[in-house]
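K.L.:
The structure's right below; bear with me while I get my questions together.
The values are calculated or read from the model by the stated rules, or taken from the named source; none is laboratory data. Please read all numbers here as calculations on a predicted model, not as lab measurements. Cβ coordinates were reconstructed from backbone atoms using ideal geometry, including for glycine residues, and neighbour counts include every protein chain displayed.
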Amino acid sequence: MVGQIKLKVLSPEKSDNKHLVWQNKLETEKDEQIEGSNDQSVVLRANYGQFDVLLTGDIGASVEKKLTEEQDLSGIEVLKVSHHGSKYGTSQELLAAVKPKLAVIGVGKNQWGHPAKEVLERLAKFKIPVLRTDLEGDIEVVSDGKGWWLKN
């Protein structure tokens with residue numbers, strides 16, 4: 001708890017010691033190990049009164065699936081889209097479980113084509129409004145614990 005804000009770590013699990021293993025493999029193994037390290041990103045649910053946000057780091061669909069199966073993801077107003085909108089995350093299953101009122105994509109000019117067309121289409125299918133830092137600049141969501149709004 002930070003003041004009145006409750007932070008809950010949803011992933012990685014406390015018993016998951018893969019992080020150190022991944023760190024060692026990053027130096028010696030191929031790109032597939034580097035990609036796998038994204039799934040060790042910290043996933044947080046932040047709660048302030050009646051406002052909740054899900055911060056997904058760089059996780060992919062496999063961790064999202066585990067979260068949807070093991071966590072109650074209802075009541076989240078804002079979703080920070082994982083991995084800058086990579087096509088490997090922000091799955092249909094996650095969106096169906098979370099049903100956010102807003103999705104925020106932190107992204108800039110990049111060589112990977114983030115955010116991916118597939119992710120933007122999934123968000124549109126669920127009629128979730130999207131804000132992107134590459135188009136909007138800084139995005140600030142404010143809450144008083146009862147409601148929430150975007151700061152201009």
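Each row is one residue, and each column tells you yes or no for (1) closer than 24 Å to L7 by Cβ; (2) among the acidic types (D, E).
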position	(1), (2)
V42	yes, no
Q50	yes, no
V81	yes, no
K87	no, no
P100	yes, no
G106	yes, no
K125	no, no
L131	yes, no
E140	yes, yes
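K.L.:
With the requirement that a residue be without any contact (Cβ under 8 Å) to a residue 24 or more places away in the chain, part of a loop (DSSP other than H, G, I, E, B) and under 21 Å from V141 (Cβ atoms), what does region 87-127 give you?
P.N.:
Once the filter is applied, which keeps residues that are without any contact (Cβ under 8 Å) to a residue 24 or more places away in the chain, part of a loop (DSSP other than H, G, I, E, B) and under 21 Å from V141 (Cβ atoms), region 87-127 yields only K127.
K.L.:
In addition: Out of (1) surrounded by fewer than 17 Cβ atoms within 10 Å (Cβ to Cβ); (2) touching a helix residue (DSSP H, G or I) at 6+ places or on another chain (Cβ under 9 Å), the odd one out for K101 is which?
P.N.:
Of the numbered conditions (1) surrounded by fewer than 17 Cβ atoms within 10 Å (Cβ to Cβ); (2) touching a helix residue (DSSP H, G or I) at 6+ places or on another chain (Cβ under 9 Å), the odd one out for K101 is (2).
K.L.:
Just for region 49-64: of the residues that are part of a loop (DSSP other than H, G, I, E, B) and more than 8 Å from the chain's Cα centre (by Cα), which one is nearest to L102 (Cα to Cα)?
P.N.:
Quick first cut of region 49-64, residues part of a loop (DSSP other than H, G, I, E, B) only: 49-50, 56-60.
Add one more test, that the residue is more than 8 Å from the chain's Cα centre (by Cα), and what stays is 49-50, 60.
On the way: G49: 18, Q50: 15, G60: 19 Å.
Within region 49-64, the match that is nearest to L102 (Cα to Cα) is Q50.
K.L.:
Being within 21 Å of A61 (Cα to Cα), among the aromatic types (F, W, Y) and over 17 Å from the mean Cα position of the chain (by Cα) narrows it down to one of W148, W112, so name that one.
P.N.:
Going through W148, W112 in turn, the sole match is W112.
K.L.:
Please give the number of the condition G85 fails out of (1) modelled with pLDDT of 95 or more; (2) buried (at least 20 other Cβ atoms within 10 Å of the Cβ).
P.N.:
Result: G85 fails condition (1) only.
K.L.:
Also: Look through S37, S74 and report the one residue that is modelled with pLDDT of 95 or more, over 11 Å from the mean Cα position of the chain (by Cα) and either in a loop (DSSP other than H, G, I, E, B) or surrounded by fewer than 19 Cβ atoms within 10 Å (Cβ to Cβ) (or both).
P.N.:
Working: S37 fails: modelled with pLDDT of 95 or more.
Result: S74 is the single residue among S37, S74 that is modelled with pLDDT of 95 or more, over 11 Å from the mean Cα position of the chain (by Cα) and either in a loop (DSSP other than H, G, I, E, B) or surrounded by fewer than 19 Cβ atoms within 10 Å (Cβ to Cβ) (or both).
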